[in-house]
1. For region 126-174 and region 46-72, write down the distance between their C-alpha centroids in whole Å.
2. With each label point set 7 Å from Cα along the Cα-Cβ vector, what nm distance links Ile103 and Arg173?
3. May I have the count of lysine pairs in the chain with C-alpha atoms under 23 Å apart, counting pairs 8 or more residues apart or located on different chains?
4. Among 89-96, 37-44, how do they line up from the highest to the lowest mean number of other beta-carbon atoms within 10 Å?
5. Inverting the mean 1/r over all pairs of different Cα atoms, compute the Kirkwood radius of region 42-174 and quote it in Å.
6. Sum -39500 (n - 2.57) across every DSSP H segment of at least 4 residues in the chain, then divide by the residue count to get the 222 nm mean residue ellipticity, nearest 500.
7. If you add up the charges near Cys163, with Lys and Arg at +1 and Asp and Glu at -1, over every other residue whose beta carbon is less than 14 angstrom from its beta carbon, what do you get?
8. One-quarter of the Cα convex hull surface for region 1-89, in nm²?
Amino acid sequence: MQVGKPILYSYFRSSCSWRVRIALALKNIDYETVAVNLTKDGGQQFSEGFQALNPMKQVPALKIDGITIGQSNLSVLKQVGQENQLTWAQQAITSGFNALEQILQSTAGRYCVGDEVSMADLCLAPQVANADRFKVDLTPYPTISRINKSLLALEAFHVSHPCRQPDTPPELRA
């Protein structure tokens with residue numbers, strides 16, 4: 001029994017939140033967004049109110065049918081430390097993309113696995129956005145770049161993009 005409209009507790013730049021937004025858009029599920037700013041006031045995810053909702057203190061958190069589901073990866077960047085984030089992110093993304101580019105040679109069609117959007121695609125687009133954010137050169141990854149371009153042309157990826165979220169700062173809006 002549907003309890004009400006799903007609520008996504010999200011941060012515009014969170015790649016994990018973006019994956020959930022894409023999935024909701026692909027399934028044409030209408031939902032409400034509640035912005036949780038991960039940098040304001042020491043991180044709104046640490047507030048008592050949010051902790052009561054999600055004891056993991058992470059976004060995204062999706063409340064659907066009275067159940068809250070949560071997941072995130074910002075904690076890794078915090079552990080690395082501000083001064084090491086760029087180098088660490090570039091190495092991690094490059095390592096993953098080197099392997100993925102090879103795998104895609106045998107699986108890719110229009111998208112990561114053939115010509116239908118799959119979970120792999122929901123993970124790829126946010127990670128390519130992270131690569132852009134952390135200044136990773138995408139030239140060595142033509143298949144990844146081609147697939148990402150195809151994905152970003154889809155409505156579900158377009159409307160869920162971080163630059164189009166209610167909590168996106170004006171200077172980062174599309």
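1. 25
2. The modelled label-to-label distance comes out at 3.7 nm.
3. Close lysine pairs found across the chain: 11.
4. 89-96, 37-44
5. Details: mean 1/r = 0.0594 Å⁻¹.
When all Cα pairs of region 42-174 are included, the Kirkwood radius is 16.8 Å.
6. Values: 7 runs with 80 residues, N = 174.
Helix-only estimate at 222 nm: -14000 deg cm²/dmol.
7. Values: positive: Arg13, Arg21, Arg133, Arg164, Arg173; negative: Asp132, Asp167, Glu171.
Combined, the nearby Lys, Arg, Asp and Glu give +2.
8. Its Cα hull, projected and averaged over all orientations, spans 6.4 nm².
Since every read-out is calculated from the coordinates, none of them should be taken as a lab result. Keep in mind it's a predicted model, so treat the numbers as computed, not measured. Because the Cβ atoms are built from the backbone with ideal geometry, glycine has one as well, and the counts that use them run over all protein chains shown.
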